[in-house]
1. State yes or no: is residue 73 within 27 Å of residue 181 (Cα to Cα), touching a Phe, Trp or Tyr at 6+ places or on another chain (Cβ under 7 Å), open to solvent by 20 Å² or more (accessible area, probe 1.4 Å) and of a type in the set (Ser, Thr, Tyr)?
2. Kindly establish whether residue 191 is at pLDDT 90 or above, touching a Ser or Thr at 6+ places or on another chain (Cβ under 8 Å) and among the acidic types (Asp, Glu).
3. I want to confirm something. Restricting to the range 44-70 and keeping residues that are open to solvent by 40 Å² or more (accessible area, probe 1.4 Å) and more than 22 Å from the chain's Cα centre (by Cα), which single residue is farthest from residue 29 (Cα to Cα)?
4. Could you list, in sequence order, all residues of the range 1-18 that are part of a helix (DSSP H, G or I) and closer than 15 Å to residue 180 by Cβ?
5. How many residues are within 14 Å of the chain's Cα centre (by Cα), of a type in the set (Asp, Glu) and open to solvent by less than 30 Å² (accessible area, probe 1.4 Å) if we restrict to the range 1-38?
6. Only one of (1) open to solvent by 30 Å² or more (accessible area, probe 1.4 Å); (2) in contact (Cβ under 8 Å) with a residue 60 or more places away in the chain; (3) more than 21 Å from residue 45 (Cα to Cα) is not met by residue 166, so which one is it?
7. Give me the pairs, please: first residue somewhere in the range 20-39 and of a type outside the set (Phe, Trp, Tyr), second residue anywhere and at pLDDT below 85 and buried (at least 18 other Cβ atoms within 10 Å of the Cβ), beta-carbon distance under 6 Å, and either six or more positions apart or on two chains.
8. Considering only the range 25-56, state which residues are out of contact with any Pro (no Cβ under 9 Å at 6 or more places or on another chain) and either part of a strand (DSSP E or B) or among the basic types (Lys, Arg) (or both).
Amino acid sequence: MRFLLVEDNQQLAAAVLDRLSLDGHVVDHAGDLGMAEDFISTTDYDLILLDIMLPDGDGRDFLNAQRARGKDTPVIVLTARSEVSDRVGALDMGADDYIPKPFDFAELEARCRAVLRRRTGTATNVKRFGTVAFNPLEGTLKNGDKVIGLRNRELRLLEVFFAAPGQIIPKPKLVDRLFSYDEDVSENAIEVYVGRLRKKLEGSDVSIVTVRGLGYRLEVP
């Protein structure tokens, strides 16, 4: 998944970035609302982690503006405020969840998973297509009795394909989903990871098909 973290505390931001990156997510970091607006104007995110007190304004104003524009990207509010009214206010504005600071990283990860499950309307982390069962939380794909482990970017790439089976996904979109703005990569890198996934899908009825000049598509022949 691709996350946007809007947080001005550099130490906390670095810790969150490290933890979520280890989970296989691509995370962009904005230190203020201006940077956050720049990010969302060019990139679609699966989830936004939003601090309330920021150097150039109130995170709730950012949230309110997003919902007013019809943007429904899930938002988890990070707040140091303990008043119930503050948390209720954020939820009423359209936040999907909140977590008070300081927080345990395991709880943050669990809340992210829960929000994303609600987003997709599923109660489980396991996704199925053809004979393949894909568990992004465990980083595995299963075909029959065979369980295969996935590396970080293989996992991210398979998540993108499983989110839109049968649809053509252009290379630029895959680059956007796999790499952050800080990483300098070419579209050729995608071919490497697609090749690795194809090998791990061998023996199943699922394949990644190249659509020349357009991109790739996950399909069952």
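The values are calculated or read from the model by the stated rules, or taken from the named source; none is laboratory data. All values reported here derive from a predicted model rather than from experimental measurement. Positions of Cβ are generated from backbone atoms using ideal geometry, with glycine treated the same way; all protein chains shown enter the neighbour counts. Please note that ligands, DNA and RNA were not included when accessible areas were found on the heavy atoms of the full protein model with its side chains. Shrake-Rupley method; radii C 1.70, N 1.55, O 1.52, S 1.80 Å.
1. yes
2. no
3. 68
4. Correct list: 13, 14, 16, 17, 18.
5. Total satisfying the criteria: 1.
6. (2)
7. 24/156; 25/1
8. Listed by number, the residues that qualify are 26, 27, 28, 29, 30, 49, 50, 51, 53, 54.
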